[in-house]
Structures are given as C-alpha cells and as structure tokens.
1. Can you tell which of A:79, A:138, A:100 shows the greatest fluctuation in a Gaussian network model of chain A with Cα springs below 10 Å?
2. Which sequence of B:436, A:228 reflects their accessible areas, 1.4 Å probe, from the largest down?
3. Go through A:214/A:375; A:309/A:337; A:33/A:287; A:390/B:317 and tell me which ones have a Cα-Cα distance over 24 Å in this structure.
4. For residue A:371, list long-range residues whose amide hydrogen, built 1.01 Å from N in the peptide plane, is under 5 Å from its own amide hydrogen.
5. Picking from A:345, A:129, A:56, which is most flexible by a Gaussian network model of chain A using Cα springs under 10 Å?
6. Using a ≥ b ≥ c from the Cα gyration tensor of the stretch A:282-360 (square roots of the eigenvalues), is it rounded, prolate or oblate, where a/c under 1.5 gives rounded and otherwise the larger of a/b and b/c decides, a/b for prolate?
7. Show me, for the stretch B:490-504, the HN-Hα J-couplings you get by feeding each phi into the Karplus relation (A = 6.51, B = -1.76, C = 1.60, θ = phi - 60°), rounded to Hz, glycine and proline as x.
8. Using the Karplus curve 6.51 cos²θ - 1.76 cosθ + 1.60 with θ = phi - 60°, what ³J(HN,Hα) values do you get for each residue of the stretch A:215-225, in whole Hz, with x for Gly and Pro?
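The values are calculated or read from the model by the stated rules, or taken from the named source; none is laboratory data. Since this is a predicted model, take the numbers as computed values, not measurements. When we count neighbours, we look across all protein chains shown, and the Cβ atoms used for this are built from the backbone with ideal geometry, even at glycine. The accessibility values were calculated without ligands, DNA or RNA, using every heavy atom of the protein model including side chains. Shrake-Rupley method; radii C 1.70, N 1.55, O 1.52, S 1.80 Å.
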Amino acid sequence: MKISIILLLLAISNISFAKSLTLWHAYRGKERKALEKIAKIYEKEENIKINLLAIPYDAFDKKLTASIPRMQGPDVFIFANDKIGNWAESGLIETLNYYFYNKKRLFLTLMFDTTVNSMVYKNKLYAIPLAFKVPVLFYNKKYIKNPPKTFDDLISISKKEMLLNKKIFGLGYENTNFFFHSMFYFAFGGKLFNNKKEVLINSKGAMKSIEFAKFLALKTKIMPEEITSAVLTTLFNKNKLIFVINGPWFSAEIDKEINYGIAPIPDIDVGHKAKPYMSNEGIFINKYSKNKKDAIKFIRFLAGIRGAKIRMIDGDQSVSVKSLYRNKNDERLLAFKLQAENSEPISNSPLMSYFWAPMAQSLKKVLEQNIKINKALNDAKIKIEKLLSK
Amino acid sequence: MNKESNNSKIKLNIFYFIVFTVFIIILQGILYNKTIKMNSLNKELYLVKENSNKLFQKMEVEGYKKASLEFKKYHFEDVFYFKEAQDKRYQFIYNRDLVKSLTQKKLKESSLLDKSIYDSCDNKNKLSEFNGKYILSYINKGKCYSFLTVKISNTLNSGLGAIWYLLIGVILIMLVSFIFIPKNNKNRVIVSTIILLYNIFFFVYSLIILGNAQNKNIEGIINITKSNLIQIFIIIIISTLLFIGFYISKFNTKLTNTLIKYKTPYLYILPGGLGIALLSFSPLFSGIILSFFRVKYGEYNFIWFGNYYDILIGGFKNIANPEGFYYTFFITVIWTLINIFFHLAIGMSIALVLNKKRLKFKKIYSIIFIIPWAIPNYITALIWKSMFHKQFGSINNLLVFLGFERISWFTNTTTAFLANLFTNIWLGFPFMMVMTLGALQSIPAHLYDAAVMDGATKWQQFKYITLPMLKPALLPSIILGIIWTFNMFNVIYLVSGGEPNGSTDILITEAYRWAFERNGRYGYSAAYATIIFIVLYLYNYTTNKISNRGEANE
C-alpha cells in the first residue's frame, strides 16, 4: 500500500511535458545562468521542456561529429561559427534559409550584418547569431581620462607617461597571435584565401600590416616584449600598463581596484580604421532533429529582443541585436557597437584552421627573430599550400 | 633424410600460404574500394546528375509524360512543378495524387516536403533529402522541376555488399589454411597468429569504414542501420572464436598444455587480461589501423602505406627541414640521450651522498629532492616557461644581476633546447635518485669493508663495487627513463612550444600537431605514433638481447 502511494507520487511529480527540446552549449558562469533563466521563461510560456546540457568547449566539436550522424545529437546547439564549413560539408547542420524567408527575413535585420554574414557558408544560412566577441581598447583611467582616437595619439600619450614613470609600459596586445594582429591585417586590406583555395597572404596589405606591427613593437618602445595573456593581466592589474587591446573576456580578469574604461580601437591613420576579427556565436539546428518547428520558435525567442536583453544584462554578453546598443551614455556598449560595425568575421570555411599556426609563426619570425617580412610571409604561404594539397 | 624433406615441405606450404593471404588481402582491398563507390545509389545519382541536363531538355521538348519514363529508368518517381512568382516565393503546383499518397497519413510532413523542395530548388541541381528519399531539382526559365527518388533502404544492402566480399575473404583464408595445415606445431602457431591478426585488422577496418560511412553527407554513403552492424560483428566474433577453438584443440604444444593444465590461475588473470586487452591493446591496434587511412575534412580513405611513405620517404627528400621526420627524430634522440645522462649523473651523485650513514637531516633532504618529481610536471613546465621570459623572467633578471645581457630564450634553437633541457633535468633526476637509493640499500656492506682492507680508493670502490652492483637494478629504470623522455610531451609543448619554427619539436609533439592543429589529420598522426612505437620497441628488443647475451656470458 505504502509502496504504491510512493510510486504514484513519484509518477505525478515526474509529469513530463509532451514536447521537449534538447540544447547543448558550452557556457559557464554568468552566461550559463542567463541561458537557464531564458529556458525557464520559455518553458512556462510555451509548455515545452528545454533540456540543457553543458559540454566543455574543447570536446564540443568532437562530440557533435560523433553523435549527430548516429541520431544521438541535440535538437539545437550553441557554438562559435568557425566550424560551420566543416559541419556543412559533413551534412550535420540544417540550412535555415527556408525558415527566414520573405517576411520572416525581417527577423534577421534585427542583428548586425557582420554577425549574420558570419553564419553564411556558400550562400546558405546555417545559424542565427547570438553574441559576438571583438577586441577593444581597455585604458587605465589613472593615466588618461579620454581615450585616444588614433594610434599616433596613443603613441604620444604613452611616450609622455613613460618618461614620467620608467617602470610602466604604454601598449600591450598579443602581437604574435593572429587573432589580434587581424585589426591591422584587414584594415590594410589583407586577405587570406579565395574561393579557389589560393593562398593570398603575401599581398601588399598584409606586408603593410606587419610593418605597422613591427613599428609598434620595436621602434616606438612602448610595448613589453614576448607578450602573453598572463603578462597583460599582471601588468594591467599592477597599474603598469596604460592601454591593452584584448577581447571582452579580459574584463573578468581585471582587479576591482583598477579604474578602467573601454573604447573602440583607435584608427591606424587617416585612411585606415582598425578592423579586428569578430568571433561569433550562433545557435544551430541539427539536420536530423525531429522538432525543427519547435526549434525555430525557440531560436526566435532566444535570439530575439527578449532573450537578447536577458543575455546582455544577466549574462554580460555582447549580443548581436542592434537595437540594444542605443544607450549612448554607456561607454562599454558604445565601444562594442562601433567595433562590431568595423570588424571582420572569422571565416567559417574549413580552410581557415590551416592558417592560424603558420601566420602566428610568421609574426614571431618578424617581431622576435628579425627575419624579413617578405621571407616570413612566403615561407608561411609555402607551408599552407603544402597542407592544403596533401 | 626424411626429416629434411618434411621440413622443406612445411616451408613450402608456409610460403604458399603467405602468398595466398597477401593476394586475398590485395584483392579485397580493390574489390572493396570499387564496390563501395559503384554499387550504391551514388552510382545512379552520379549518372543522373551527369545526364540531368539532357534529361531535362528532353522534358522541355517532348513533354513531361514521355520524359518521365526516362526518369523512371534512373529510379526517379515523379515530377513536381514549381513556378517562381514575382515576389520570389515558389508556388507549388503539385502532382496531386502523388502528394496525397505521400502526405495523407502524416499531415505535418507536407511542410517538410515544402522545405525539401525549396532547398532543392535553391541548391540548383543538387540533392535534398526527404524522408529517406532524395529530391533533385532543375531550374529553367523561372520554373523549378523537382524529382523524387525511390526509398534509400532498397540500396542499403548493395552498399553493404562490399563488406560481404571481405567476409568471404576471411572464410576463404580459414578454409585454405585447413588444406595447408602444417604438421609442425610451431608453424601452426604462426598460421593462427596471422589469421588472428588479419581478423583483428578486418574488424577494426570495417568499424572505421562503417563508422565513417555514417558521417558522410547525403551524396555519399547512406545511413547504415544498427542491425546490420550487429550482424557483421557477430559473424566476425563467432568465426574468430571457432577458428581459435579449432586450432587450440588440435595443438599439442607447450602453450596449450600449460593452458589446460593450469586452467584456474589463467582464469584468475582473465579479467585483468581482458582489461589490458580492452584498454591497452585495442587503442594500440586501432591506432595502427588508423594510420593506413588518410583523414581529411572528416573523411576516411584507405591509402595502404601512403602515410608512412609521406613521412619516411617524403621526409627524406628534404632532410634538413625542421618539420620533417628525420630532423625531428634526430632532435628527439639527442634530447633523450642528454637528458638521461644528466638524470643519471645528478641522481646517482645525490643518492650516493644521501646514502652516507652519518648524514644529518637526511629525511628533509630526501623530501626536498623528491619535490620536482612530486609536483605535476604540467604545472612546473608552465612555471619554468615564465621564468625564461625575456623581459620579466627570473632567469634573465638573475643574469642581469650578474652582469650579463638578457637572453631571448625562445628565438634561437640552441637556447630554446637548453631551456627545455634545464626544465626536464630538474624534473627527471629524482626518479633516478630514488631508484639508485633503493639499489644502494641492497649492496652488502661487507664488500666495502673488504675493499677498504685491500686498500681501494673511493673511486675504485665506486667503479668496481657500486657500479656493477647497481647495474641490474638501474637497467630497467634507464629503459623506463628513455621511453618517458622520448615521449616527454608536456615539457616540449609547454616550455618552448617547438619554437623557433618547430625546430625544438620532438616526434610526439609533431604527432599531436598533425592531429589537433592541422584540422584533424588523424591518419598521419597515427602513422607518426606507430613509428614512435616501432622505434621504441626495436630499442627495447635490442637492449634485451644485449643484456641477455651479457648475462649468459657471465
């Protein structure tokens, strides 16, 4: 008798929703809590259960490629856009052009163009953008109240302050990491590859960008040597670094005592605005999902204005929805908005993954080993062409 | 005389057997590649796409009904017409009966059909999937014509048909081996080992091929149901077990006799053996077999020894290239030898000092010297790397304090190698110290007393008593040390990171980069790992032979 009552209670308490949607993500901390909040609100309104599963970032891609073809994947998942090319070629993700057609296309105009374009591969839309990350300028308000608008201003301010205090440095950014060098590379019109799989890294624009980076690193003497992210964090937190160009994740590592501000990256010179890489996160639909209509509904909620507000306020994300950046008094929002409009989305072609290490090496060769820019780029080009052809 | 002729007969049999096996393997490889490519829906779709323009033009000229007969030849069922309206939205003008039959039972499928047709028209002559069938579209003068294919599962068996070829090969080999049954028991062992290895190879090979088949997109190999996979695995396992059982029951060798006589102890170690087989041997075999595939963009293609050719012979053409195999191998060998030398020298010296009876604070010293080994080497590698920083590292600060110039440790191959070396020596000597200490305890003290009485100096005592007595205890630790240093991934990857330009990479870090930094070239990386395994195995084998010979002589 008792056992049957217990079982009955368990059965009642375990009332499952008729429909459910599985979502995989790689969020931690604030972003994860924001996502859980959104899922709860949606569950109540639409009477559909959202099953969230957090997976470590490094294992995400492998888990997807293993489980989706075996029909064990999620309905929707959230991830960065750089593997879209690989996944599209393997037939894992659903094309979304059909669901955002004509009148429904208005939904896409809510977002920044660069973020939507980053989810397109071979003229097909594969994901809806949720948030982006783009490097910006962090400045220590102890040394300067108004951020510089051009790099010349930045250099002169740094030199002035460094004369007064010999232990500080002016500018810091990871100059051997191609993700950060991108702000100069694409400003001067450099390209990586084209549709015919040709490697285009030895163009004039590329060389000019590396010349500028070399000028900053070796001639102006305002930067520390052999910069890593640990160096930047330590120096900035000890008030020994005036300007840092880093991604939004840097703000989580700054100590509370430091009074700092955020601004868009200064212009390089009159004709060239800094154009850094933008890393985009989007929500994808599994090609073999059986709940595609429900998935689309949830995506419209999550990526739309309501979901974006919660993600922006509770999750501290730089969401892709344009209209939420209207507050001109918030310096941080303004900086991200301006930078988002002047940025280059990371290519989602499968070729992109071959470029990171050789480009980083050519930067190291020029900036640390004093090898000529021409030679370094040509060596990298030969290496990449070899990898592509094998 | 009789025995000789018997022996030669047996040798001849083995020779023919091996030739036959190799022939079967090659034949199967060719057959397999051919059948997987041709004997599937792929072939028909390939032909349709090639001829689709002709077919569609025929439809324009001769009308829908006549052309549809032609399409039926290629297993396409029927045509839908779509008209592109002015606001770029396709209007669907269906073949009403067909749509009724398709969507009658499941109403919600009509929107899916809409989407598949939309995708296909968007795709321009490419395929889109609908409910196990395919839709192929052709756009002409503002109209989109879509065709629906037959159900895929009809062609399922033809795709799997290739697997049956390989299975037949296995059975053939087993049958032939019965004919060639060697009279000699030793040869039976060889034969059964060859067949076992072949079975394992085939097992893992089919796993990879079938597993990969599921990953391919619609234009490739189709979905394979679970039941077919299970069927294949059961057949393989049963045939292998039967074969082993047959051979073992006829064996009269020592091996089978001991197995049967000492059944119980072997049953005790069976769980452990299974564990080792699962956790050690199966990844090893899978890795070896993976090295026969070329993996690019997630696709697996069997290329025999192509990876090894690229590594060993391709690397030969440009021997001084820092990313080539031979340069990396050279660096790895030098790295290992220098490290082991210093590990031994420092470890043994400290152990000798710590062994003195009257040394005070011995326990504190031993704790201090164990610390490098105790802290996870991942952490120490990162700390050492920060110490070698050009501007803020403590080592450069020390050099400046002593009046020298700052060194940029990682822009020069020699200094980067030295940085790795210092870190690894610091990490590695405690192991040798502990091993030596343990071995020193076992040397009887009366030997030293006798030596002192004979007037031997400290150095002579060391050379003639300590070293020879340490040798049997130290040899296994030296072998271990060499294998660990040869594969010391953490220090090389975290301290110098292979800088500059990959010139301080060792074989194992190169293998890692091929798998995880160059977009998943797992086959190449597996070939690297297999070569490392073979090198270390040969090293171990030769040292065993030498030490065994040495012992036998004494």
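1. Of the options given, A:100 has the highest mean-square fluctuation.
2. Working: B:436 0, A:228 55 Å².
Descending accessible area places them as A:228, B:436.
3. The answer is A:33/A:287.
4. Under 5 Å from the amide H of residue A:371: A:366.
5. Answer for the Gaussian network model of chain A: A:56.
6. On the way: a/c = 2.87, a/b = 1.02, b/c = 2.81.
Here the stretch A:282-360 falls in the oblate category.
7. Residue by residue, the stretch B:490-504 yields 4, 5, 5, 5, 8, 7, 9, x, x, 5, x, 6, x, 7, 10 Hz.
8. 3J(HN,Hα) across the stretch A:215-225, in whole Hz: 4, 5, 6, 10, 8, 7, 6, 9, 10, x, 9.
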